[in-house]
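Worksheet: the structure to be examined is printed underneath.
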Amino acid sequence: MRSTLPKSLILRGHNAFGDVLQHGSLIHGRWIRCYVRIEQQASATAFRNGARVQFGFAVPKKIVSSAVLRNRLRRLMRETVRLEKDSLWTGLGAQEKTAVIVLMLRRHEPAQLKTLSTGDIAGDWHLMIPKILSLSTG
């Protein structure tokens, strides 16, 4: 079995992204921006560990013109979230909340983006998780 982020956790569709970008809260990191929309749970049957989280990953074409690099950067973000999502699941599950999160790459020099690693993005993600959980309590 491949260890990837399940498709059920990946946000799809232009309208779904737009809703989170317009109405969600924004958290800045060095490499990524995180748009978060948190709501009360609707149905307990659709949730894993008491929390439902969907993730969207965006690398704007205006920032990275190369499709190969855009896809690589999205893969790095997906892998980071896959490895580090458990603390977010636990925190939101305890509060009985659902979240839709869109991670978007921030503008940087192309040479920096080519050398970006999972560790760089993971550093941002680790700092964002407590902020996301604090949004859900408010």
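Points to keep in mind about this one:
- Mean separation of Cα contacts under 8 Å, 6 or more apart, over the residue count of the chain: relative contact order %: 35 percent
- Carbon-plus-sulfur accessible fraction, segment 92-138 (probe radius 1.4 Å, protein heavy atoms only): 56%.
- Top positive-direction residue, dipole computed over the chain with Cβ charges, set V68, L103, Y35: V68
- On the basis of the beta-carbon distance and an R0 of 35 Å, A67 and K131 show a calculated FRET efficiency of 0.65.
- Only Lys, Arg, Asp and Glu carry charge here, each on its Cβ (+1 for the first two, -1 for the last two); on that basis the chain has a dipole of about 560 debye about its Cα centre.
- Value of D in µm² per second that Stokes-Einstein yields for the chain, Kirkwood Rh from Cα pairs, at 4 °C (1.567 mPa s): 85 µm²/s
- Per residue value of the accessible surface for the chain (all protein chains in place, 1.4 Å probe), Å²: 57 Å²
- All Cα pairs of segment 53-133, percent lying beyond 14 Å: 63 percent
The values are calculated or read from the model by the stated rules, or taken from the named source; none is laboratory data. Being a predicted model, the structure only gives us computed values, none of them experimental. Note: ideal-geometry Cβ built from the backbone for every residue, glycine included; neighbour counts use all protein chains shown. Note: accessible area is taken over every heavy atom of the protein model, side chains too, but ligands, DNA and RNA are not part of it. Shrake-Rupley method; radii C 1.70, N 1.55, O 1.52, S 1.80 Å.
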